[in-house]
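First comes the structure, then the notes that go with it.
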Amino acid sequence: MPALLIICGIVVGVLAAFAGVGGGIVMVPLMIFLGKSHTQAVGTSFLAILIISVASLFFHNKLNNVVYDWGVYLGAGGVVGAFAGARLNAMVSQAQFQKIFGVFIVVMGLYLIFKK
């Protein structure tokens, strides 16, 4: 199991540093597939994302790719959203979560494909 999780971490690290993709898109479904509840999958993904984000920030900073004031503003709003999202996550069933998450991924994928 640790080898699979490390491989997943490598994939997420590449996606996060390359495209700014949140690792949860890969990690959450994987952890649910491996038997974790949706609440555990989301919570655990944030620990991994924190570690990956710090590394990605370090490397993007070296390339002068960081707009700090925007990042701080987005982060401040994200703190409020994180509180609300964690509460909401705890209120939905596993089945509801999987449907909501799946629709979100499909809609975002279609947007990226058809965006001009």
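Some observations on this one:
- Residues being at pLDDT 85 or above and in contact with a Phe, Trp or Tyr (Cβ under 9 Å, 6 or more places away or on another chain) - total across the stretch 1-36: 3
- One residue alone among Val12, Val26 is assigned to a helix (DSSP H, G or I) and touching a residue at least 24 places away in the same chain (Cβ under 8 Å), and that residue is Val12.
- Residues satisfying the stated conditions in the stretch 91-116, i.e. assigned to a loop (DSSP other than H, G, I, E, B) and either under 20 Å from Val21 (Cα atoms) or touching an Asp or Glu at 6+ places or on another chain (Cβ under 6 Å) (or both): Lys115, Lys116
- For the stretch 1-19, a residue qualifies if it is exposed (fewer than 10 other Cβ atoms within 10 Å of the Cβ) and among the small types (Gly, Ala, Ser), and the qualifying residues are Ala3, Ala19.
- Selection within the stretch 32-59: residues that are in contact (Cβ under 8 Å) with a residue 12 or more places away in the chain and not in a helix (DSSP H, G or I). The member of this set that is farthest from Val14 (Cα to Cα) is Ser37.
- The stretch 60-73: number of residues that are in a helix (DSSP H, G or I) and surrounded by 11 or more Cβ atoms within 10 Å (Cβ to Cβ): 4
The values are calculated or read from the model by the stated rules, or taken from the named source; none is laboratory data. Only a predicted model underlies this, so the values are computations on that prediction, with no experimental measurement involved. We place every Cβ from the backbone using ideal geometry, glycine too, and count neighbours over all the protein chains shown.
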